[in-house]
Amino acid sequence: AAQIAALTTTQIPSLTTAQIAALTSAQIKAMQTADVAQLTTAQIAALTTDQMSGLTSAQLAAMSTAQVAAIETADFAKISAAALAGLTTAQIVALTTDQAAALTTSQIAGLTTKQIAALTTDQVVDLTTSQAAALTATQITSLTTTQITAMETVDLAALTTSVIAKLTTAQVVALDTT
């Protein structure tokens, strides 16, 4: 891990995707945020599921939106909820609908209100019923009326009573008009 941490930001993009894929999750975790920011999208795509599970919130926050979009869909489910909390709102917007749909219920429940508010309408539409059911009472109030009306009926029905009770007047009115 110390050897990888010693690489400079100019050396990181020179590593081949095979070299990146051969690194251990501990070596990836040892990378400085500035080094992670220098990974190419091909290098990001080459990261294994185990390597992804070791990413920190600071490392994820250091990624560009293009890098985040390059993360393989299956790898998203292995990133810890704590690490996902590091995603910026711009990175949340950059998630593909497949990536958003791959998030686990614990990952959804761990997103901040700003991250929930940043979800695109397409991402909200693609939420599974169990993902929608994982939304917390605090998170539901951060959804815009457009996001609320984009939710499928089955997803709205999956919300708990305590979550429904936190809907704002504007959100309820928006539901009534659709």
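Observations
- Single unsatisfied condition, Leu127 versus (1) over 30 Å from Ser14 (Cα atoms); (2) at pLDDT 95 or above: (2)
- The residue of the stretch 52-68 that is nearest to Ile79 (Cα to Cα), among those that are β-branched (Val, Ile, Thr) and open to solvent by 40 Å² or more (accessible area, probe 1.4 Å), is Thr56.
- Here is the figure for the stretch 16-32: residues that are out of contact with any Ser or Thr (no Cβ under 7 Å at 6 or more places or on another chain), open to solvent by 40 Å² or more (accessible area, probe 1.4 Å) and within 23 Å of Ala74 (Cα to Cα) total 7.
- The stretch 80-91 residues that are of a type outside the set (Phe, Trp, Tyr) and modelled with pLDDT under 95, paired with ones that are open to solvent by 50 Å² or more (accessible area, probe 1.4 Å) and not in a helix (DSSP H, G or I) (beta carbon under 9 Å, 6 or more apart): Ala85/Thr112
- Criterion: polar (S, T, N, Q) and either open to solvent by less than 10 Å² (accessible area, probe 1.4 Å) or closer than 27 Å to Glu152 by Cβ (or both) - qualifying residue of Thr97, Thr49: Thr97
The values are calculated or read from the model by the stated rules, or taken from the named source; none is laboratory data. Quantities reported herein were computed from a predicted structural model and do not represent experimental measurements. With ideal geometry, Cβ positions are generated from the backbone for all residues, glycine too; neighbour counts draw on all protein chains shown. Surface areas here come from the heavy atoms of the whole protein model, side chains and all, with no ligands, DNA or RNA. Shrake-Rupley method; radii C 1.70, N 1.55, O 1.52, S 1.80 Å.
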